[in-house]
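Shown next, in structure tokens, is the structure this report addresses.
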Amino acid sequence: MLDLDGDLVALFRAVCDVPSVSGTEGALADAVEAALRAYPHLEVVRDGDAVVARTTLGRDRRVVVAGHLDTVPLTDPPNLPTRVVGEGAHAEVWGRGTVDMKGGVAVALALAAELDAPAQDVTWVFYDNEEVAADLNGLGRLARTRPDLLEADFAVLGEPTSAGLEGGCNGTLRAEVRVPGVAAHSARAWTGHNAIHAAHEVLDRLAAYVPQEIEVDGLVYREGMNAVGIRGGIAGNVVPDECVVTVNFRFAPSRTVAQAEAHVRELFDGFEVVLADAAPGARPGLDDPLAADFAAAVLGVTGGAPAPKYGWTDVARFAELGVPAVNFGPGDPLLAHKDDERCPVGQLALCRDALRAWLTAAPAA
């Protein structure tokens, strides 16, 4: 059983110590659901391995605070259970999920239990399958089947930001660039055409590519174009007749998916390009009044200034629903998915205190 009223670091470790690799979130979802149902001020809804808890106080505004329960696979040997390294203000919790993103989940759980009369109605969303294919995403499933649960004026996604405020997110596109060849016996290679050798042209274009930095609503987003996979060949004695280079394009939210796809096709003109998947980015949205209120309240506690989110996050899903959203949570995003994933304990309290201050403050007129 998760203790939502106890020590925040202990709750954080308990949430992390329930393995929940994408597709296996059931045990953690069960624990989250059971813990939240103990609080009479929350209406709790279970949808698959997603858990939604809401206040229904009749406030003028509703906000969503969301976070995903799943993690990427464990290391070998497993980097769970968690362990604490260091003491006091320098202590860190090490283990899978400590950055991406069970710190945000723990903060949200603690506040969901504590805040029985927030100044704005709050919908707390804990969902599954964020780290895998977009069609499996639990938040996307809720958007398709229970959009009423996500209705809100503003949303906060507890993705790791080192307790800073990150607006919007880059879009992402994955494409397969197919390089043709002619099969032949490798002992008589001159009778064929080696597609893997010919793939150098694709790699040369990637190596020469200069990513852009694009300002969107006052924040500068860095783009990226990278080969993330290559395959070719069917046997050790056959000259391959095809080589496929998988390319990932991370694009600024000023581009649509169609514009991003056109850019990739232009870069690899002369080759067959097959779009594998894509998700749009999200503009910062910091000019929205509720976003401005959030920034003022949160940055008043944490300090700093808004920054762009370079990776893709589910703020893009909220943007598609017409809900302005930002990223805000504990953990250094540069450590996400790494074997040495770790989160400073001080960032947990900082994020909790900042969110509490915002959720309990009277909204600006």
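The values are calculated or read from the model by the stated rules, or taken from the named source; none is laboratory data. These numbers were taken from a predicted model, which means no experiment stands behind them. No Cβ is skipped: glycine too gets one built from the backbone with ideal geometry, and neighbour counts run over all protein chains shown. These area figures cover heavy atoms from the full protein model, side chains too; ligands, DNA and RNA do not enter into them. Shrake-Rupley method; radii C 1.70, N 1.55, O 1.52, S 1.80 Å.
Listing for the model above:
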quantity	calculated
Cβ-Cβ under 6 Å pairs, at least 6 apart or on other chains, region 282-295 side under 20 Å from Ala252 (Cα atoms), far side surrounded by fewer than 17 Cβ atoms within 10 Å (Cβ to Cβ)	Arg283/Asp217; Pro284/Asp217
Criterion (in contact with a Lys or Arg (Cβ under 9 Å, 6 or more places away or on another chain), exposed (fewer than 15 other Cβ atoms within 10 Å of the Cβ), under 27 Å from Gly346 (Cα atoms) and of a type outside the set (Gly, Ala, Ser)) met by exactly one of Thr75, Thr98, Thr71, Thr82	Thr75
Members of region 88-109 that are farther than 16 Å from Asp17 by Cα and under 21 Å from the mean Cα position of the chain (by Cα)	Ala108
Test: residue in region 206-222 that is assigned to a loop (DSSP other than H, G, I, E, B), hydrophobic (A, V, I, L, M, F, W, C), within 30 Å of Asp314 (Cβ to Cβ) and open to solvent by 20 Å² or more (accessible area, probe 1.4 Å)	yes
Strands (runs of 3 or more DSSP E) lying entirely in region 60-110 (those with 2 or more residues that are under 23 Å from Thr24 (Cα atoms))	62-68, 92-94
Output for region 42-53, where each listed residue is open to solvent by 40 Å² or more (accessible area, probe 1.4 Å) and either farther than 21 Å from Glu25 by Cβ or in contact with a Lys or Arg (Cβ under 9 Å, 6 or more places away or on another chain) (or both)	Glu43, Gly48
Residue within region 303-311 that is more than 22 Å from Ala133 (Cα to Cα), within 22 Å of the chain's Cα centre (by Cα), at pLDDT 95 or above and surrounded by fewer than 21 Cβ atoms within 10 Å (Cβ to Cβ) present	no
Tally of residues being touching a Lys or Arg at 6+ places or on another chain (Cβ under 6 Å) and in a helix (DSSP H, G or I) across region 112-139	1
Selection within region 111-138 - within 29 Å of Ala362 (Cβ to Cβ) and surrounded by 24 or more Cβ atoms within 10 Å (Cβ to Cβ)	Ala112, Val122, Trp124, Val125, Phe126
Contacts under 8 angstrom Cβ, first residue in region 244-266 being in contact (Cβ under 8 Å) with a residue 12 or more places away in the chain and in a loop (DSSP other than H, G, I, E, B), partner of a type outside the set (A, V, I, L, M, F, W, C) and open to solvent by 50 Å² or more (accessible area, probe 1.4 Å), 6 or more apart	Ala252/Gln212; Pro253/Arg283; Ser254/Arg283
Arg144 assigned by the TED database to the domain that holds Glu33, farther than 20 Å from Ala349 by Cβ and not polar (S, T, N, Q)	yes
Members of region 15-32 that are in contact (Cβ under 8 Å) with a residue 40 or more places away in the chain and not in a loop (DSSP other than H, G, I, E, B)	Val15, Cys16, Val21, Leu28, Ala29, Val32
Checking Phe271 against (1) aromatic (Phe, Trp, Tyr); (2) open to solvent by less than 40 Å² (accessible area, probe 1.4 Å); (3) in the same structural domain as Glu176 (by the TED database), the condition it does not meet	(2)
Region 314-339, residues that are crowded, with 24+ Cβ neighbours inside 10 Å and assigned to a loop (DSSP other than H, G, I, E, B)	Asp314, Pro324, Phe328, Gly329, Pro330, Gly331
The listed residue being closer than 30 Å to Gly285 by Cβ and in the same structural domain as Ala258 (by the TED database), out of Leu219, Leu206	Leu219
Residues that are of a type outside the set (Val, Ile, Thr), part of a helix (DSSP H, G or I), open to solvent by 10 Å² or more (accessible area, probe 1.4 Å) and in contact (Cβ under 8 Å) with a residue 60 or more places away in the chain, drawn from region 340-354	Gly346, Gln347, Ala349, Leu350, Arg352
